[in-house]
Amino acid sequence: MLIVVGIGGWPSRPDPAELRRTFMKRRVVSLLVLVALMASVAFAHGDKKHVMGTLEKINADSVVVKQADGKSVEVKLVSGTMYVSRDGKPAKLSDLAVGDRVVIHATPNPDSTLSADEIKFSAAGTTGAAKPQQ
């Protein structure tokens, strides 16, 4: 804000045109920052897809996940698929079980299938909240 000192050292009224210009500059900068933040969120995962739900079927080369909307999605397992347990520790395919809740980060393939990059899972019946003591 611009304060103009008048005669005798007392501040005089700021120029209304200068106040409007300063206000508009702040609005434009705020809008640009907001647009940049929204764009970064939108492109955070690039072309990756998230598949969340409950494991319905486990095969040697794929898993089938039942999503909250009731649709089943098959995700291919590849040699680079990483498995991560709920506590963040590395795991392996044999640690997965039907009924586990999963979040899969997958890459779409040209043939419309998905290839799993990472599978995060927690055992059926576990939640993030602590169980009450009895």
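The values are calculated or read from the model by the stated rules, or taken from the named source; none is laboratory data. Note that the coordinates shown come from a computational prediction; the quantities given were computed from them, not determined experimentally. Every residue, glycine as well, gets a Cβ built from its backbone with ideal geometry; the counts of neighbours run over all protein chains shown.
Could you say whether any residue in region 89-100 is closer than 16 Å to Lys57 by Cβ, surrounded by 11 or more Cβ atoms within 10 Å (Cβ to Cβ), among the small types (Gly, Ala, Ser) and touching a Lys or Arg at 6+ places or on another chain (Cβ under 8 Å)? No, region 89-100 contains no residue that is closer than 16 Å to Lys57 by Cβ, surrounded by 11 or more Cβ atoms within 10 Å (Cβ to Cβ), among the small types (Gly, Ala, Ser) and touching a Lys or Arg at 6+ places or on another chain (Cβ under 8 Å).
Among the residues of region 47-66, those that are in contact (Cβ under 8 Å) with a residue 24 or more places away in the chain and assigned to a strand (DSSP E or B) comprise Lys49, His50, Val51, Met52, Gly53, Thr54, Leu55, Glu56, Lys57, Ile58, Val63, Val65.
Of everything in region 78-110 that is within 15 Å of Lys49 (Cα to Cα) and free of Cβ contacts under 8 Å to residues at least 40 places away in the same chain, the residue that is farthest from the chain's Cα centre (by Cα) is Pro110.
Residue-wise test of (1) farther than 13 Å from Ala116 by Cα; (2) modelled with pLDDT of 85 or more; (3) exposed (fewer than 10 other Cβ atoms within 10 Å of the Cβ); (4) not aromatic (Phe, Trp, Tyr).
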residue: Phe23; (1), (2), (3), (4): yes, yes, no, no
residue: Val33; (1), (2), (3), (4): yes, yes, no, yes
residue: Ala44; (1), (2), (3), (4): yes, no, yes, yes
residue: Leu55; (1), (2), (3), (4): yes, yes, no, yes
